[in-house]
Number of protein chains: 2
Amino acid sequence: MLSTHGQDKKGFDFLDDQKALDEIFRMSLTESSAYPWLESMCLDIGHRLSGSPQAAEAVDYSFKLMTELGLEAQKQPVMVPHWVRGEKEVAFIQSSDGTKQEVQILALGGSVATSEEGFMAEVVEVETWEDLEALGREKLEGKIVFFNERMNPENIYTFHSYGHCVKHRWAGAVQASKYGAAGAIVRSLNLRIDKFPHTGSMTYDDALDSIPAAAISTADAETISALLEAGSKVEMMWKQSCATYPDVQSYNVIGEIKGSEFPDEIILLGGHLDSWDVGHGAHDDGAGVMQSLGVLELIKKLEYKPKRTIRVVFFMNEENGLRGATEYAAQSKLQSLNHVACIESDRGGFTPRGFHVEGNEALVQKILAFKPALEKYGVSQLEEGGSGADIGPLKTEDNVLIGFVPDSQRYFDYHHSPSDTFDAVNKRELELGVASMTALVYLMDKYGL
Amino acid sequence: MLSTHGQDKKGFDFLDDQKALDEIFRMSLTESSAYPWLESMCLDIGHRLSGSPQAAEAVDYSFKLMTELGLEAQKQPVMVPHWVRGEKEVAFIQSSDGTKQEVQILALGGSVATSEEGFMAEVVEVETWEDLEALGREKLEGKIVFFNERMNPENIYTFHSYGHCVKHRWAGAVQASKYGAAGAIVRSLNLRIDKFPHTGSMTYDDALDSIPAAAISTADAETISALLEAGSKVEMMWKQSCATYPDVQSYNVIGEIKGSEFPDEIILLGGHLDSWDVGHGAHDDGAGVMQSLGVLELIKKLEYKPKRTIRVVFFMNEENGLRGATEYAAQSKLQSLNHVACIESDRGGFTPRGFHVEGNEALVQKILAFKPALEKYGVSQLEEGGSGADIGPLKTEDNVLIGFVPDSQRYFDYHHSPSDTFDAVNKRELELGVASMTALVYLMDKYGL
């Protein structure tokens, strides 16, 4: 049982803190339910794209978990997009010498279908928007534009490389359509060469033709690029049958432990319940929601009575719309909720490295000052930086937003792909994340914000 | 190209250091050969138990790599044990109700065989040496002693838990033999429940009967324990055909870049070339040797001219004899070699966390003071601690021994098991290890020891 103090302390009491944090880490590594919860969601339900039956099942499962944990739980309604992949995509390439080979693609989320029988067109490789402009309509009309920017291996923090490339996935179809292209193929956003594609979200511009868009595996991207480099013409046959249906009713799932002294001050933990429709959505973001709920479980098991309200939110539809986060922020404003601090876990269930903190400068400095208490546990990278998509809309001038930062090296090996399965998550790494977030919540609750 | 200075600097020059270290990390993530070297050793040669044909192939391959890199390379002869597993082990258990089920075992390295047809005996579970004593000869004679101590999940650094349990694997057969047991089965040293056994080294006492010893998968250990807990008698049928043959000629493989100013001061990097005879020995310790060689490659690519001699040693026979390390230390003594610092990489090819440092106290403090220069790269856990088995014999009063510390959470999932394969190693994590070790070598060479 962890002690709680009647008032916020003025200085730090690191000896006492270290005892508490030791106990948090010990208990997380021995008694957390985060891993079996994730196992059940991944293996019994599976992936959970917004609007799918599995997403609905996951909402019920989450609400049940929160209720069983004794939290005040609620389902917050939100309408979400309903895009369906349809039949497995079919694609092959044909080079100048007539050789055909299958390539692995996944329609991007939100993409239109090709015609029913598919189509064949020449592939033109580009790396930047400027390449498109240089080639112009003359060389792009009716072609398949192949965006092949490689993620930069030089950044140690892999999300920096992702941030640089993701515009091609998001807006490649729009830019290619400007020049009359027939479709846009995007190199999967992964630093390694693998054989399966990594999907993700995209957009269209109403003023332009909506052309099909898909991700291609990095291995196939290398193959096509090598053929073109060698002077071959490359044509691609491409068929996908995805479609967008009317919005569907779904929910954010919310649970909380009321604060004993400052119940109106909310410390929020969250991640997103939805996932892409391949793999299990285990790292992205099954790990994040179960870690967030794991914090509340740990607080209960430790018999710690928080002074502030500790709330967990499983956001719906982060992947292709952010509708859950938008609705949650709108409802919070209507109810004048005061989120003093929000922590998002949405960078995989890997071994913890630290936290990225943004918002009110005084509070940011207060969080960064916790570093000496956390580094013993390997949680040493407390830095200013972006927090997360789902908590972003909750930013005010007075609060602080925090992104939990696990090790980033393997994340894009799994991200948005069939390989993001439960067995890719290590139990201890997941539990260390629960402990790290609990430790930060404990310190914030103890010392106030 | 990194600058080298005519003399050791008095203070630190962190701005200059950071530029150099940035370049080291950048180059390692873009140009290191450590990953393809490891791939070739794992996929073209495979596992490399001392005395095996593959170990001999790996010696030749290593010597070739070093020579091609332009190092002064040599093969240092050493006689090594030659133990052979023979046919795949066979084991099943039978409970009181007559139900039989197969269990997965691996003979421990150095174990004797069972009789040719195998044997069946009752299984008695123990957790400690004291349990053996309490049961006594009466209850253990002719039985199979089953050492089932679970690794403690509470330690964040998993090697601490390993250190506590490994005595049962090493000396379980000796202790059980004291009470007339027919064999010793040891729970695999892994924190998770998996279905394959993890082997390792063991010993016998000449004054006692040498009884067969094997590791059993954690999943099967749990099954047997549950049956016994439920009151069932458990008998095990067990057959293994391993044997020890006369010692075989093998080699340590050594390469170096001579120092420009202090050639007699050696900074050594190393790991072990041999592995167990299952999986690929990818993390243990293919990663470590290729990282060590990767440091010398990077130094060459960076056109850095070290003031001190930078030497890499691929030690033979760490797993079941430490003969290579022993011979290397003996030869070094004969030649009065001065190893001012030794770095060992033998804890897997995972994302770097820091270094454990031991030895001359002034030098230890000097190494720990590099922390501010390294933590930007996630290499922040510079702590006093044990270094490694192969460099241990090189300890003097004047030098410093350093263990490279990657993240430890997943290590025992692979350790000494069929799952320690090349695909379990992440390219970037391996390369970050190369960079971390190169950075430390750069700082030690620049500021002197």
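The values are calculated or read from the model by the stated rules, or taken from the named source; none is laboratory data. Keep in mind it's a predicted model, so treat the numbers as computed, not measured. Every residue, glycine among them, receives a Cβ derived from its backbone with ideal geometry; neighbour counts consider all protein chains shown.
Working only within segment B:116-131, note down all residues that are in a loop (DSSP other than H, G, I, E, B) and touching a residue at least 24 places away in the same chain (Cβ under 8 Å). Within segment B:116-131, B:E116, B:E117, B:G118 meet the criteria. The residue that is surrounded by the most Cβ atoms within 10 Å (Cβ to Cβ), among those in segment B:25-38 that are within 12 Å of chain A (Cβ to nearest Cβ) and touching a residue at least 60 places away in the same chain (Cβ under 8 Å), is B:S28. Test each condition in (1) acidic (D, E); (2) assigned by TED's automatic domain parsing to the domain that holds B:I193; (3) farther than 28 Å from B:L227 by Cβ for B:D97 and report the one that comes out false. All conditions pass for B:D97, except number (3). Checking each residue in segment B:100-134 for being surrounded by 17 or more Cβ atoms within 10 Å (Cβ to Cβ) and closer than 14 Å to B:K178 by Cα picks out only B:L132. Among the numbered conditions (1) crowded, with 20+ Cβ neighbours inside 10 Å; (2) out of contact with any Ser or Thr (no Cβ under 6 Å at 6 or more places or on another chain), the only one that A:V379 does not meet is (2).
Return the total of residues in segment B:46-83 being loosely packed, with under 15 Cβ neighbours inside 10 Å and of a type in the set (V, I, T). Of the residues in that region, 1 qualify. Across segment A:393-429, the qualifying residues are those that are in contact with a strand residue (DSSP E or B) (Cβ under 9 Å, 6 or more places away or on another chain) and aliphatic (A, V, I, L, M), and the one among them that is farthest from the other protein chains (Cβ to nearest Cβ) is A:L394.
Being part of a strand (DSSP E or B), over 16 Å from the mean Cα position of the chain (by Cα), among the β-branched types (V, I, T) and in the same structural domain as B:N399 (by TED's automatic domain parsing) is the requirement here; does B:V357 meet it?
Details: part of a strand (DSSP E or B): yes; over 16 Å from the mean Cα position of the chain (by Cα): yes; among the β-branched types (V, I, T): yes; in the same structural domain as B:N399 (by TED's automatic domain parsing): yes.
It is true that B:V357 is part of a strand (DSSP E or B), over 16 Å from the mean Cα position of the chain (by Cα), among the β-branched types (V, I, T) and in the same structural domain as B:N399 (by TED's automatic domain parsing).
Determine whether B:V295 is under 30 Å from B:T203 (Cβ atoms) and surrounded by 21 or more Cβ atoms within 10 Å (Cβ to Cβ). Considered against the rule, which asks whether it is under 30 Å from B:T203 (Cβ atoms) and surrounded by 21 or more Cβ atoms within 10 Å (Cβ to Cβ), B:V295 comes out as no. From the list B:K139, B:K167, the one residue that fits, being within 19 Å of the chain's Cα centre (by Cα) and either surrounded by fewer than 16 Cβ atoms within 10 Å (Cβ to Cβ) or at pLDDT below 95 (or both), is B:K167.
Restricting segment A:12-38 to residues that are within 17 Å of A:G288 (Cα to Cα) and aliphatic (A, V, I, L, M) leaves a set whose member that is nearest to the chain's Cα centre (by Cα) is A:L38.
Could you go through segment A:55-78 and let me know if any residue there is at positive phi and assigned by TED's automatic domain parsing to the domain that holds A:A330. Looking through segment A:55-78, at least one residue is at positive phi and assigned by TED's automatic domain parsing to the domain that holds A:A330.
Please state which one of B:A171, B:A134, B:A184 is of a type outside the set (V, I, T), free of Cβ contacts under 8 Å to residues at least 12 places away in the same chain and out of contact with any Leu (no Cβ under 7 Å at 6 or more places or on another chain). Break it down into steps so the answer makes sense when it comes.
Working: B:A171 fails: free of Cβ contacts under 8 Å to residues at least 12 places away in the same chain; B:A184 fails: free of Cβ contacts under 8 Å to residues at least 12 places away in the same chain.
Residue meeting the stated conditions: B:A134.
One line per residue, one yes/no per condition, for (1) under 20 Å from B:H168 (Cβ atoms); (2) out of contact with any Asp or Glu (no Cβ under 6 Å at 6 or more places or on another chain); (3) crowded, with 19+ Cβ neighbours inside 10 Å:
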position: B:P197; (1), (2), (3): yes, yes, yes
position: B:G200; (1), (2), (3): yes, yes, yes
position: B:A221; (1), (2), (3): yes, yes, yes
position: B:L228; (1), (2), (3): yes, no, no
position: B:G231; (1), (2), (3): no, yes, no
position: B:M236; (1), (2), (3): yes, yes, yes
position: B:S241; (1), (2), (3): no, no, no
position: B:Q249; (1), (2), (3): no, yes, no
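Among residues that are touching a helix residue (DSSP H, G or I) at 6+ places or on another chain (Cβ under 9 Å), in a helix (DSSP H, G or I) and over 25 Å from B:N152 (Cα atoms), B:L430 is included. For segment A:325-347, the candidate set comprises residues that are under 28 Å from A:A282 (Cα atoms) and outside any helix (DSSP H, G or I); within that set, the residue that is farthest from the other protein chains (Cβ to nearest Cβ) is A:H339.
Of all residues being polar (S, T, N, Q) and farther than 25 Å from B:G281 by Cβ in segment B:348-392, which is farthest from the other protein chains (Cβ to nearest Cβ)? Just the residue, please. By that ranking, first place goes to B:N360.
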